[in-house]
Amino acid sequence: MSEAVKAGQRPYRRVMPQVELADRLEHVKAMDRPIRALTKFLREKLPAGPVRDVLHGVFFGHPIHPVLAQASLGMLASASVVDAVDGDPRAARALLAAGIGSALPTAAAGWTDWSMLHREQQRVGFVHAAANVTALALYSGSLVLRLRGHERYGRALSYAGFTVAGLGAYLGGHMAYRQAAGPNHAESVAHLVPLGWHDLCRLRDLPDGRPVSRSLGYIDLFVLREGEEVWVLADRCSHLAGPLHQGKVTEEQGELCVVCPWHGSTFNVEDGSVVHGPATARQPAFESRVRADGLVQVRPIT
């Protein structure tokens, strides 16, 4: 035992200030009132449908906001590089204009994703967005000053925008890598379940028409029976691990689907494909069969 612990003192831990700041932001409840209002507004103005699916990146296979953000920030940061090497002012202005122009679709995708996150993630995301709005204002001011012939002051605002955008980018990384906002939360079961068929349960033990949760080893499964048909998916939603067996079973374009009870992601129960976001990753699905003795067996669809 260290001397500090023996003396009743807290042991020294090396924590970088930006990490501590981001961790503390997760618990700042003072932001909750505007967050609730903005979340309600965004969900009402962007109901489930094709527009929201595009902004989530369903067609892309993963969230589209990070890709757009990299492109936008890359162009804006490149303008600062051009300034630093005393490059062509026209190139810097073109990069600023392109970066500012791409900020609108980037922000639209980001706010759409943000509206479907947990509160702790939203608190960090709220500050992330505020930093990005501030950076965009600085870059916009920089472009205006340059167009009016004030190149020196325009460069100064551009450098300030780059600094603030760096803070926003760090918080975005905190959300993605520390808070797991965006990655697939459904276990990839193909490498966890051995090849071949596995006994799951008796058909008579499954309620007809109502999804339930069953376990295959340590993997939780969503199981839906209708008559002699059985559909099986990984139970934890790929968006933020919501329990699919508590969701609503519905039909979309004649296909049987399940809607996640947490944020409304909709999956085809046959193959786990995404019908509506915010989820963008397919839900792991299992092939099923019922033996003559009524035993349901499953194997993962790879």
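Need one number: convex hull volume per residue for segment 39-195, Cα atoms only, in Å³.
Measuring per residue, one finds 144 Å³ for the Cα hull of segment 39-195.
Let me spell out the model: positive unit charges on the Cβ of Lys and Arg, negative unit charges on the Cβ of Asp and Glu, origin at the Cα centre of segment 12-120. What dipole size does that give, in debye rounded to 20?
For segment 12-120, the charge dipole is close to 440 debye.
In whole Hz, what ³J(HN,Hα) sequence does segment 129-145 give by Karplus (6.51, -1.76, 1.60; θ = phi - 60°), x for Gly and Pro?
5, 4, 5, 5, 5, 4, 4, 5, 5, 5, 5, 5, x, 4, 5, 4, 4
Just to confirm my understanding: which cysteines in the chain have no other cysteine beta carbon less than 4.7 Å from their beta carbon?
For the chain, the answer is C201, C257, because their Cβ atoms have no other cysteine Cβ under 4.7 Å.
Which residues' amide hydrogens lie under 5 Å from the amide hydrogen of R202, considering only partners 5 or more residues apart or on another chain, with H built in the peptide plane?
V296
From Cα coordinates alone, what are the radius of gyration and Dmax values for the chain in angstrom?
24.5, 84
Charges on Cβ only, +1 for Lys and Arg, -1 for Asp and Glu, centred on the Cα centroid of segment 78-234; of L171, G87, Q122, which one is farthest towards the dipole's positive end?
G87
Dipole of the chain, Cα-centred, from +1 at each Lys and Arg C-beta and -1 at each Asp and Glu C-beta, to the nearest 20 debye?
Using only the charged Cβ atoms, the result is roughly 1280 debye.
In nm, to one decimal, how far is the I301 label point from the L147 one, both placed 7 Å along Cα→Cβ?
Label at I301, label at L147, 5.2 nm between them.
Between V19 and R90, 0.36 nm times their residue separation minus their Cα-Cα distance comes to what?
Gain in length upon complete extension: 21.8 nm.
Please identify the chymotrypsin sites (Phe, Trp or Tyr not before Pro) of segment 57-147 that satisfy two criteria: DSSP loop assignment and at most 16 other Cβ atoms within 10 Å. Which are they?
Sparse-neighbourhood loop chymotrypsin sites (Phe, Trp or Tyr not before Pro): none present.
Can you give the calculated 222 nm mean residue ellipticity of the chain, where each DSSP H run of n ≥ 4 adds -39,500 (n - 2.57) and the sum is split over every residue, rounded to the nearest 500 deg cm²/dmol?
-14000 deg cm²/dmol
Name the GluC sites (Glu not before Pro) in segment 221-302 that are in a loop by DSSP and that have at most 12 other C-beta atoms within 10 Å, would you?
E228
What residues have an amide H closer than 5 Å to that of L216, excluding those fewer than 5 places away on the same chain, when H is modeled at 1.01 Å from N in the peptide plane?
L221
For segment 158-217, with only Lys/Arg (+1) and Asp/Glu (-1) charged at the beta-carbon, what is the dipole magnitude about the Cα centre, in debye rounded to 20? Spell out each step's value before the answer.
On the way: 5 positive and 4 negative charges, 20 e Å.
Roughly 100 debye for segment 158-217.
Give the longest segment of the chain that steers clear of trypsin sites (Lys or Arg not before Pro) in DSSP loops with at most 14 neighbouring Cβ atoms within 10 Å, not counting the sites themselves.
Counting only loop sites that pass the neighbour cut-off, the longest clear stretch is 149-290.
Could you provide, to the nearest whole Å², the per residue accessible area of segment 30-73 with probe 1.4 Å?
Per residue, segment 30-73 has an accessible area of 62 Å².
How many angstrom lie between the Cα centre of segment 235-250 and the Cα centre of segment 110-187?
31
For the chain, with a Gaussian network of springs between Cα atoms less than 10 Å apart, report the residue from L233, L147, L167 with the top mean-square fluctuation.
Result: L147 has the largest fluctuation of those listed.
Taking the convex hull of the Cα atoms, report for segment 168-207 its projected area averaged over all directions, in nm².
5.2
What Kirkwood hydrodynamic radius do you get for segment 153-302 when you take the inverse of the mean 1/r over all pairs of distinct Cα atoms, in Å?
It is 17.0 Å.
Averaged over every viewing direction, what's the projected area of the C-alpha convex hull for segment 95-140? Give it in nm², one decimal, please.
3.0
Accessible area per residue for segment 175-231 in Å², computed with a 1.4 Å probe and the full protein assembly in place, what is it?
Ligands and nucleic acids excluded, the result is 58 Å² per residue.
Counting just the Cα atoms, what span does segment 170-244 cover along each of its three principal axes? Round to the nearest Å and put the largest first.
52, 28, 16
Computing the accessible area with a 1.4 Å probe over protein heavy atoms, can you report the carbon and sulfur percentage for segment 151-198?
Carbon with sulfur: 65 percent of the solvent-accessible area.
The values are calculated or read from the model by the stated rules, or taken from the named source; none is laboratory data. Remember, predicted model here, so these are calculated numbers, not experimental data. Cβ: placed from backbone, ideal geometry, glycine included. Neighbour counts: every protein chain shown. All accessible areas refer to the heavy atoms of the entire protein, side chains included, with ligands and DNA or RNA removed. Shrake-Rupley method; radii C 1.70, N 1.55, O 1.52, S 1.80 Å.
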